[in-house]
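Since every read-out is calculated from the coordinates, none of them should be taken as a lab result. Every value quoted in this text rests on a predicted model; they were computed, and no experiment measured them. Backbone-built Cβ (ideal geometry, glycine too); neighbour counts: all protein chains shown.
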Amino acid sequence: MEGGARPEATLTPWQARGKMALSTREQRESVNFNWQRLSLDKEVLTLTGPIGMGGVQITRTGSDVIWDDGDGEVPLADVEDVSDEASRLLQTLPFDQLGGWLMGAAEPTEDWSTTVNSWQRAGAWSVPRKLTLQGAGVNAGVSVLVVILDWNLPESTAARAQ
């Protein structure tokens, strides 16, 4: 990590844009993403590309995760017409922890672990550029590579004091 303070995983609000590669034993899909953390209890993830086709929005409010593919909102766990394995993978991700993982907090779960592969500067902050989510347990053999191309973060208190 080069210079800059690491923000707390609880920092809000922020926005990150980049690419994700979701890999399973059978396939690999790439998507573009726009992730907005509006508060600790509300995040909006927009996916475009093969999985999202024209676009899918996933909204987390507290523990509720909603899938909206333009045909209406449905709880993510209830989406039945998800046609491929990479899309079904989205249903297994712990959305209540993903925002913290994007900030570099590596809090593994029973089914997932995270590794920050490289860091970048975003203003006064040092934040992840590339990270890997590795499946374990029921998700063994699954990985998600996240490359964050652009961060929009609040200015750090340390930077304002200078």
Express the relative contact order of the range 14-161 as a whole percentage, based on alpha carbon pairs under 8 Å and six or more residues apart in sequence. 23
Taking 0.36 nm per intervening residue step and subtracting the Cα-Cα distance, what contour gain separates Thr132 from Thr10 on full extension? 41.9 nm
Quick check on the exposure proxy: order Trp67, Trp125 from fewest to most C-beta atoms within 10 angstrom. Trp67, Trp125
Simple spin-label estimate for Arg25 and Val74 in nanometres, 7 Å along Cα-Cβ: 2.6
Determine the distance separating the Cα centre of the range 27-41 from the Cα centre of the range 87-116; give it in Å without decimals. 11
Taking the C-alpha atoms of the chain, how large are the radius of gyration and the largest Cα-Cα span, Dmax, in Å? 15.6, 53
